[in-house]
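The values are calculated or read from the model by the stated rules, or taken from the named source; none is laboratory data. Worth saying up front: this structure is predicted, and the values here are computed from it rather than measured. No Cβ is skipped: glycine too gets one built from the backbone with ideal geometry, and neighbour counts run over all protein chains shown. Surface accessibility is based on the protein's heavy atoms, side chains included, excluding ligands, DNA and RNA. Shrake-Rupley method; radii C 1.70, N 1.55, O 1.52, S 1.80 Å.
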Amino acid sequence: MSTAPIVADAALVAAVADGDSGALRELYQRHGAWLHARLLRRCNDSEVVVEVVQDTFVVLWKDARRFRQDGEVGAWLWGIAFRRMVSRLRSRRDVVLIPEWDVLPTLQQVMPSAEDQVLLGVEYGDLAAGLRRLSPEFRSVVQAVVLDGLTTKEAGRLLGVRENTVKTRLHRAKAQLRATLTEPQEGWR
Amino acid sequence: MTTRTGEWHADPALLSRYLAGDLDAVTGASVEQHVSRCETCRATVGRLLEPQLLERTWAGIRDGVERPTPPYPMRVARRLGLPEPTAVLLASAASLRGAWLVGAFLSLSFATLAAYASGGTALAPFLLAAPLAPVLGVAAAYGPRQDSLEALIVTAPYGRTRLILLRTLAVLVSVLPVTALLGLAVPGPAWLAAAWLGPALALVPVLLALAGFVGPRFAATVVSLVWSGVVLGATWAPLAPTWPVEAAQQGVYVGLAVAACAVIALRAGTDRQPGVAL
């Protein structure tokens, strides 16, 4: 780490909007890796992931002005990247979205280490237990809308169901989670 | 950028398991949510991921950022799903540039206007212009004078026949829909709106066949003069205004087109050398 004062992400985006390619490089160094990692968990083709991340940063270069300065840069980039990925999925049948909730059924039995418990506890409270109890259909909707930030319409396209079905499932999933948590959580629309 | 997690950070072992896909869904999602908001853990992920992968992506980003915006026809061709080399070849054709298309559109509009103003008695301007627009477009799509890439194309191992047919197709796609729309505005029998397609589609292979012998410019001149002769002759005779596109004449055009295609196929088959046939 250098001793230079750390510039905020939002300031870097503003610099990119002014055509500063050094700021783009810095943003890539901060956000490129985790975007790769997060996309790789959803797509089994690393070529596609590389292209999606490339597209995302080229979009950032061109559309940096559109960034709302009060937003979070990471969330904004993820929004661009994941939407690109979903639209790719629609045009190319050979790209497979890993059905994340259904993999590794054996590992689900293995309880996470104490550290994981802390992490889950901090992030979600008892939510982890609630999520585990949801049916796969409900979990994929929660994943797409709540965790990945798609609109219900986009989630419907991704999951191959109608938008109303997504809304219904999301509604029921939230009700189930509320019941599990005994008290309603903040931040669940 | 700080969250409720405060000073807690995922340790590298947990993150490696996350990257390897070894975490179950809920734990994985949990790590993910934390990493996307935590600067320190994002940096750790950056150290754990293959540097080659990150470098490869960055190289692509740099290319994408430094590449100038391609001209409009190329972007349209790319949008339609054509590969980039094909898009470049198409965009360099003179008759696919904006100015040419606007010119063709204007002359066709005036021809339609003239036919419309005469109330259907003088169809000659439209019948003259409509089939010639694609013919001239195709003629201008290749050849040493029109093509800015000519020197490159001659030396490249790229089938000339393929290039010419590709550009012909592109010209037809860009000109025919506009002409068809204008044809609807021409007064007269309803079939007239489609009838001009016969000579239009027949004259293009005739032009290509002729161009193989005498070059595109001369061939375009010959075809234009002959077609003008047919249309003006019919007006002069005087025959019905629709005479050049009536059923019997359409048969002749089909025959001509078939003969021209045969000539092209024969020459393309005998001369294996690329570029000789056309």
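Some notes on this structure:
- Among the residues of the stretch B:249-278, those identified as modelled with pLDDT under 85 and among the aliphatic types (A, V, I, L, M) are B:Ile264, B:Ala265, B:Leu266, B:Ala268, B:Val276, B:Ala277, B:Leu278.
- Candidates B:Gly81, B:Gly103, B:Gly28, B:Gly46, filtered to the one that is in a helix (DSSP H, G or I) and closer than 30 Å to B:Leu163 by Cα: B:Gly103
- Among the residues making up the stretch A:62-80, those that are at the interface with another protein chain (Cβ under 9 Å from one of its Cβ atoms) and surrounded by fewer than 18 Cβ atoms within 10 Å (Cβ to Cβ) are A:Lys62, A:Glu72, A:Ala75.
- When we screen B:Trp191, B:Trp243 for residues that are buried (at least 18 other Cβ atoms within 10 Å of the Cβ), farther than 24 Å from B:Ala99 by Cβ, without any contact (Cβ under 8 Å) to a residue 40 or more places away in the chain and more than 24 Å from the chain's Cα centre (by Cα), the only hit is B:Trp243.
- Residue count, the stretch A:36-55 (criterion: more than 9 Å from chain B (Cβ to nearest Cβ), in a helix (DSSP H, G or I) and under 23 Å from B:Thr44 (Cβ atoms)): 2
- Which listed residue is modelled with pLDDT of 85 or more, out of contact with any strand residue (DSSP E or B) (no Cβ under 6 Å at 6 or more places or on another chain), under 24 Å from B:Gly21 (Cβ atoms) and assigned to a helix (DSSP H, G or I), from A:Val141, A:Val122, A:Val118: A:Val141
- Qualifying residue in the stretch A:15-26 (condition: facing another protein chain (nearest Cβ under 9 Å), surrounded by 17 or more Cβ atoms within 10 Å (Cβ to Cβ), among the aliphatic types (A, V, I, L, M) and in contact (Cβ under 8 Å) with a residue 12 or more places away in the chain): yes
- Of all residues in the stretch A:81-99, at least one satisfies being open to solvent by less than 50 Å² (accessible area, probe 1.4 Å), more than 9 Å from chain B (Cβ to nearest Cβ) and modelled with pLDDT of 90 or more.
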